[in-house]
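Quick notes on the structure that follows.
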Amino acid sequence: MERTLWVVGLLALFALCLWLMYRGWQNRAARQAASIGELPEVPADCGAQLLEPTTGMYLGSTIAPSWQDRIAVGDLGFRATAELTRFERGILLEREGATVIWIPQESITAVRTERGHAGKVMTEDGVLVIRWKLPTGTEVDTGFRGDDKTVYPAWRADPTRATTGEDE
């Protein structure tokens, strides 16, 4: 009988911990809702495709500059397999089982590689991070771990210089 009480007590403690984590996530989402607002809509015409689609894992979005302050609003904080494509007018991030994220070109402030993002730590330069401004003015970092890391230099390059021929 004593063993049964221990098992029931531990299960109750485990359930309480799960419930508290869920409540914490909901409270974080409520605190962040005003600063995140609505995401930009995908335009009907994205412009010419500048880079081939890159497959990989969407690691989540964080409030810049903290690489661990994960956004809990909507489904921005959840990891998902994804495909990242660069167009003239922005970056399209199509996630499996989640909403599509459109990052307008004028909102992008930096594209860089990092060692970690949103609680995921990789080898050096293992994560592609896109810093951009939401319509509310909040800067966020969106993390992506590509299946093929050899494409990262092309993503870090300024696409406007490659298409306008300013180097000639």
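Apply the Karplus parameterisation 6.51 cos²θ - 1.76 cosθ + 1.60, with θ equal to phi minus 60°, to every residue of the stretch 43-51 and state each ³J(HN,Hα) to the nearest whole Hz, in sequence, with x for glycine and proline.
Couplings: x, 5, 10, 7, x, 5, 6, 8, 10 Hz.
Under 5 Å between amide H atoms, partner at least 5 residues away or on a different chain: which partners does residue 60 have, H built in plane at 1.01 Å?
Residues meeting the amide H criterion: 143.
Can you send over the carbon and sulfur percentage of the accessible area for the chain, probe radius 1.4 Å, protein chains only?
Its accessible area is 56 percent carbon and sulfur atoms.
Please name which of 102, 128, 116 has its Cα lying farthest along the dipole of the chain towards the positive end, using unit charges on Cβ (Lys, Arg +1; Asp, Glu -1) and the Cα centre as origin.
The listed residue farthest towards the positive side: 116.
The stretch 1-36 to the stretch 61-131: how many Å between their Cα centroids?
28 Å
Compute the Rg to Rh ratio over the stretch 10-80 from the alpha carbon atoms, using the Kirkwood formula for Rh, and round to two decimal places.
1.12
Distances over 18 Å make up what percent of all Cα-Cα pairs in the stretch 1-44?
58 percent
With θ taken as phi - 60° and the coefficients 6.51, -1.76 and 1.60, list the Karplus ³J(HN,Hα) couplings across the stretch 67-83 in order, rounded to whole Hz; mark glycine and proline as x.
Rounded to whole hertz, the list is 7, 10, 7, 5, 7, 9, 6, x, 10, 5, x, 9, 6, 7, 5, 8, 10.
Which ³J(HN,Hα) values, rounded to whole Hz and listed in residue order, are derived for the stretch 99-110 from phi using the Karplus coefficients 6.51, -1.76 and 1.60 in 6.51 cos²θ - 1.76 cosθ + 1.60 with θ = phi - 60°, glycine and proline given as x?
5, 6, 10, 10, 10, x, 4, 5, 8, 6, 9, 6
Note the per residue figure in Å³ for the convex hull of the C-alpha positions in the stretch 72-145.
Per-residue hull volume (Cα only) is 92 Å³.
Go ahead and set up a Gaussian network model of the chain, Cα springs under 10 Å, then flag whichever of 39, 11, 50 fluctuates most.
11
With every protein chain left in place, what is the accessible area per residue of the chain in square angstrom, probe 1.4 Å?
Ligands and nucleic acids excluded, the figure is 59 Å² per residue.
So, with +1 on the Cβ of K and R and -1 on the Cβ of D and E, and no other charges, what is the size of the charge dipole of the chain about its Cα centre, to the nearest 20 debye? Could the numbers behind the result be given before it?
Numbers: 18 positive and 23 negative charges, 192 e Å.
Using only the charged Cβ atoms, the result is roughly 920 debye.
Output the 0 to 90 degree angle, nearest 10, between the alpha-carbon long axis of helix 2-36 and the longest principal axis computed from the alpha carbons of the chain.
30 degrees
Per the Kirkwood definition applied to all pairs of different Cα atoms, how many angstroms is the hydrodynamic radius of the stretch 10-168?
16.6 Å
The values are calculated or read from the model by the stated rules, or taken from the named source; none is laboratory data. Because the structure is predicted, anything quoted here is derived from the model rather than measured. Note: ideal-geometry Cβ built from the backbone for every residue, glycine included; neighbour counts use all protein chains shown. These area figures cover heavy atoms from the full protein model, side chains too; ligands, DNA and RNA do not enter into them. Shrake-Rupley method; radii C 1.70, N 1.55, O 1.52, S 1.80 Å.
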